[in-house]
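Enquirer: Below is one structure. I have some questions about it.
Just so it is clear, none of the values below were taken in a lab; they were calculated from the coordinates. Keep in mind it's a predicted model, so treat the numbers as computed, not measured. Using ideal geometry, Cβ is built from the backbone for each residue, glycine included, and neighbour counts are taken over all protein chains shown.
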Amino acid sequence: MEKKLKDQVAIVTGASSGIGAGVAKKLAEAGATVIVNHPVPSTQEAADAVVAEIRADGGQGISYQCDVSKEEEVIRMFADLARQFGTVDILVNNAGLQRDSPFNEMTLEQWNFVLGVNLTGQFLCAREAIREFLKRGPVPQRSSALGKIICMSSVHEVIPWAGHANYAASKGGIMLLMKSVAQEFAPKKIRVNSICPGAIQTPINRQAWDTPEALQSLLTLIPYQRIGQPEDIGKAAVWLASDDSDYITGASIFVDGGMTLYPGFSTNG
Ligand code: BGC
């Protein structure tokens, strides 16, 4: 495989499981040195297992614990990584979680927890990444861009989601955070884009696929008739991080098997 991300350093937040782990492995396969970020001591083992897989495949990476919702931890992570690896070229703002509740029963804690990780976490990491890109300056032999940021959004940046108002609000917020930052830093050659996954088979949505009945019902929402896999998102992330997508910034790329195509209307509404 051609090493399109050779000599580049990539941080993937929330990479100890699910989509983040899939993205970390694909970026490493494309030649990047990958920082497998994870939030708390209890996720250390899972993050180390992702790093072990990367190394067994001939790639390079380390795990790094940092809660992306905490400003001082994020600042420390970027400073440590710049010291250890020289710089950062790619940020995949992936860390995200759900705390679902009927809206009238949603606690402020559930609201703040989801917004804190999913939206504030993306703000804090993107800000530190941009500071690092500007400080480092261009390295044309590594990439045409000064830096690349990929925000993990969701089909729920456009599909309303009853019972998940905190999560949908965080993803709607990511859309305009991403586009505003993309607009602000395009003249500096920093590219900022989002991937909007549909239903990807990971622990976050286990109840939607772990019985045949649940999976059958999920497939009525997916015209392409299969659940997504973390590699589907990983491949899109490699493309968005590489110079193959050099003219793309401010885009929300839907990787969803057609979930956003209003499948309910496929039989005449
Ligand atoms: C959510 C999943 C859900 C998918 C499609 C994702 O953003 O995290 O739980 O299955 O959207 O609805």
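Enquirer: Just for the range 99-134: of the residues that are basic (Lys, Arg) and out of contact with any helix residue (DSSP H, G or I) (no Cβ under 6 Å at 6 or more places or on another chain), which one is farthest from Lys171 (Cα to Cα)?
Expert: Just the residues of the range 99-134 that are basic (Lys, Arg), to begin with: 99, 127, 131.
Retained after the next criterion (residues that are out of contact with any helix residue (DSSP H, G or I) (no Cβ under 6 Å at 6 or more places or on another chain)): 127, 131.
Working: Arg127: 18, Arg131: 24 Å.
By that ranking, first place goes to Arg131.
Enquirer: Output the number of residues of the range 216-231 satisfying the condition of being within 12 Å of the ligand (Cβ to nearest atom) and touching a Ser or Thr at 6+ places or on another chain (Cβ under 7 Å).
Expert: Of the residues in the range 216-231, 0 are within 12 Å of the ligand (Cβ to nearest atom) and touching a Ser or Thr at 6+ places or on another chain (Cβ under 7 Å).
Enquirer: Could you pull out the residue among Ala145, Ala186, Ala162 that is in a loop (DSSP other than H, G, I, E, B) and in contact with a strand residue (DSSP E or B) (Cβ under 9 Å, 6 or more places away or on another chain)?
Expert: Among Ala145, Ala186, Ala162, only Ala145 is in a loop (DSSP other than H, G, I, E, B) and in contact with a strand residue (DSSP E or B) (Cβ under 9 Å, 6 or more places away or on another chain).
Enquirer: Select from the range 90-116 the residues that are surrounded by 14 or more Cβ atoms within 10 Å (Cβ to Cβ) and without any contact (Cβ under 8 Å) to a residue 60 or more places away in the chain and list them in ascending order.
Expert: Once the filter is applied, which keeps residues that are surrounded by 14 or more Cβ atoms within 10 Å (Cβ to Cβ) and without any contact (Cβ under 8 Å) to a residue 60 or more places away in the chain, the range 90-116 yields Gln110, Trp111, Asn112, Phe113, Val114, Leu115, Gly116.
Enquirer: Report every pair of residues separated by at least 6 positions or lying on different chains whose Cβ atoms are under 6 Å apart, first residue within the range 205-220 and more than 18 Å from His164 (Cα to Cα), second more than 12 Å from the ligand (Cβ to nearest atom) and not in a helix (DSSP H, G or I).
Expert: Sorted first by the residue in the range 205-220, then by its partner, the pairs are Leu219/Gln225.
Enquirer: Right, here's the next one. Of all helices (runs of 4 or more DSSP H) completely enclosed by the range 1-85, which ones contain at least 2 residues that are among the acidic types (Asp, Glu)?
Expert: 44-56, 71-85
Enquirer: Name the single residue, out of those in the range 80-113 being over 15 Å from the mean Cα position of the chain (by Cα) and within 16 Å of the ligand (Cβ to nearest atom), that is farthest from Thr33 (Cα to Cα).
Expert: Restricting to residues being over 15 Å from the mean Cα position of the chain (by Cα) and within 16 Å of the ligand (Cβ to nearest atom), the top hit is Ser101.
Enquirer: Same structure again: Would you please name the residue that is nearest to the chain's Cα centre (by Cα), looking only at residues in the range 195-216 that are surrounded by 15 or more Cβ atoms within 10 Å (Cβ to Cβ) and of a type in the set (Val, Ile, Thr)?
Expert: Once the filter is applied, the top-ranked residue is Ile195.
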